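Here the structure is laid out as structure tokens; the discussion comes afterwards.
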Amino acid sequence: MERPVRVRFAPSPTGPLHIGGVRTALYNYLFARRHGGTMILRIEDTDSQRFVPGAEEYILESLKWCGIEIDEGVGVGGPHAPYRQSERRDIYLKYAKQLVESGWAYYAFDTAEELDALRKEYEARGETFAYNYSIREKLPTSLSLSKEEVAARIARGDQWVIRFKMPENEIVEMDDLIRGHVEVNTSTLDDKVLYKSADALPTYHLANIVDDRLMEVSHVIRGEEWLPLHYLLYRAFGWTDLQPRFAHLPLLLKPTGGGKLSKRDGDKMGFPVFPLFWKSPTGETARGYREDGYFPEAFINMLALLGWNPGTEQEIFSMQELIDNFSLERVSKSGARFQPDKAKWFNAQYMHHKSDAELAALYQPILREVSDELAGRAAGIMKERATFITDLWDLTSFFFVAPTQYDEKQAKKYWKGDNPAMLRELREVLAGIDDFSLENTERIVHGWIEQKGYSLGQVMNTLRLALVGAGKGPGMYDVTSFIGKEETLRRIDNLLRNLKPGE
Ligand code: GLU
């Protein structure tokens, strides 16, 4: 029988969420929505040494910004609450003990110092130390000590851990929805710690498997993991039939190819590797896509295509289109190279397709004094040249403020010869126009230019100097119709009055 689709995003709050983590969350979300399933958010915070205050809030806010909705979990609740592992600590010991009783795990009493000393001894002999079948019966463990001794040590408060008893020389066969069939010999693996008495907490492996089972997770879609141990844990618990399907995602690679994309790459090449700006408790900061001016839709679109392809040429996808098209079969096995320019390209595409009303809502807060209508019109005229909302001021400021200085190059080129006299004439033509709409102004001014035999380029560039103050901006009639007759004449007068023509 097909199980209901239940997936989870299970980050550890150890710092800001890397964009690779956002992609993992996104693929889980798309898969859940595609199959009418449930998206769970579980916070895996059992490693108290790596816990960073603020990281969980950062994760929640990032998912919200991205539009990745959580159906069940931290911040939402649900039938398997609590979803924060530190609040589930009572659950895990029972399962660790169950594995000891069934012979799949054992108590180990060695201290960190003893293990260190042992490791050094091995190194001195040129060998690497592995805590595994070769040594576990020689160390103070429940495999070497008597039952009474073990009980006595626990009773008197000695510290202990429970370790997984990794079988010797067995082949673990794993089937991954992305990687395919993988086999690993258990002799290459060590006896991982599952539970520590010191902080009365499970390690990641135990908590992860137990929670996936208790939360009835059907598919585990995540980054690189120690998979064989997880397969064996399901077997050890007798849960093989209920084991989720696994899908291990490809790495996000550096723009140069080799290796995992890191914050250092971003710092060096000038792009963020985190969704939101981050400030650590010790004051270190990292830039984020949101604060760098990216639209969440563009960011998500870009991320979705880093490791998944739709099998067509289509590049622009709304969240709904991603949901409709997503499948794990089209996730690639090999790493996906991050391309900072492509991220900008996606943002520009979204910028160009935004309506004036959408642009107004985003641009108006930057302009403050300007109405929504004007903000939207200005942004709409110039959006094709913008990548970020923050580019818009530079591209549209002349709609709102008259030039107070004139670009030297433009002035040198056009503010000379007959042009000042021509501009004076043009002023009179403009002063005589009542309907200052784009089309009407263009028709009349062009008629006048033709009749006079003037050069269109000379007239327009001189007018541009008056209205924009530089050799940039949209068509001149976009500007005249936007700023209106009075302001157009005022700017022409300003130039005539304030700038001495050159030779
Ligand atoms: N807490 C793990 C991590 O952040 C989750 C791995 C998993 O999804 O199973 O890497």
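The values are calculated or read from the model by the stated rules, or taken from the named source; none is laboratory data. Only a predicted model underlies this, so the values are computations on that prediction, with no experimental measurement involved. Backbone-built Cβ (ideal geometry, glycine too); neighbour counts: all protein chains shown.
Out of the residues in region 485-503 that are farther than 21 Å from Glu442 by Cα, in contact (Cβ under 8 Å) with a residue 60 or more places away in the chain and of a type outside the set (A, V, I, L, M, F, W, C), state the one that is surrounded by the fewest Cβ atoms within 10 Å (Cβ to Cβ). Going through the qualifying residues, I end up with Glu503. Where strands (runs of 3 or more DSSP E) sit wholly within region 189-255, those with at least 2 residues that are under 25 Å from Leu30 (Cβ atoms) and either within 14 Å of the ligand (Cβ to nearest atom) or not small (Gly, Ala, Ser) (or both) occupy 219-222, 245-248.
For region 68-76, the count of residues that are closer than 29 Å to Ser332 by Cβ, acidic (Asp, Glu) and in contact with an Asp or Glu (Cβ under 9 Å, 6 or more places away or on another chain) is zero. Checking Gly283, Gly270 one by one, the residue that is among the small types (Gly, Ala, Ser) and closer than 18 Å to Ala343 by Cα is Gly270 and no other. Among the residues of region 153-165, those that are assigned to a loop (DSSP other than H, G, I, E, B) and touching a Phe, Trp or Tyr at 6+ places or on another chain (Cβ under 8 Å) comprise Asp158, Gln159, Trp160, Lys165.
With respect to the stated conditions, Lys268 fails to be closer than 24 Å to Glu224 by Cα, modelled with pLDDT under 95 and surrounded by fewer than 18 Cβ atoms within 10 Å (Cβ to Cβ). Taking region 1-115 and the strands (runs of 3 or more DSSP E) fully enclosed by it, the elements with 3 or more residues that are within 30 Å of Tyr131 (Cα to Cα) and away from the ligand (no atom under 12 Å from the Cβ) are at 105-108. Entry remark, region 318-328: residues being touching a residue at least 12 places away in the same chain (Cβ under 8 Å) and either farther than 20 Å from Thr24 by Cβ or surrounded by fewer than 19 Cβ atoms within 10 Å (Cβ to Cβ) (or both) number 6 in total. Restricting attention to region 116-152, the residues that are in a loop (DSSP other than H, G, I, E, B) and either among the aliphatic types (A, V, I, L, M) or in contact (Cβ under 8 Å) with a residue 40 or more places away in the chain (or both) add up to 10. Taking the condition in contact (Cβ under 8 Å) with a residue 60 or more places away in the chain, in contact with a helix residue (DSSP H, G or I) (Cβ under 7 Å, 6 or more places away or on another chain) and in a helix (DSSP H, G or I), does Val445 pass? When the stated conditions are applied, Val445 does not pass them.
Considering only residues that are outside any helix (DSSP H, G or I) and within 11 Å of the chain's Cα centre (by Cα), which ones fall in region 278-303? Residues satisfying the conditions are Gly288, Tyr289, Arg290, Tyr294. For region 319-359, a residue qualifies if it is part of a loop (DSSP other than H, G, I, E, B) and not aromatic (Phe, Trp, Tyr), and the qualifying residues are Ser327, Ser332, Lys333, Ser334, Gly335, Gln339, His353, Lys354, Ser355.
If we keep just the residues of region 445-457 that are crowded, with 16+ Cβ neighbours inside 10 Å and not aromatic (Phe, Trp, Tyr), which is farthest from Ile483 (Cα to Cα)? Taking the candidates together, the pick is Ile449.
For region 26-51, a tally of residues being over 23 Å from Leu206 (Cβ atoms) and not aromatic (Phe, Trp, Tyr) returns 10.
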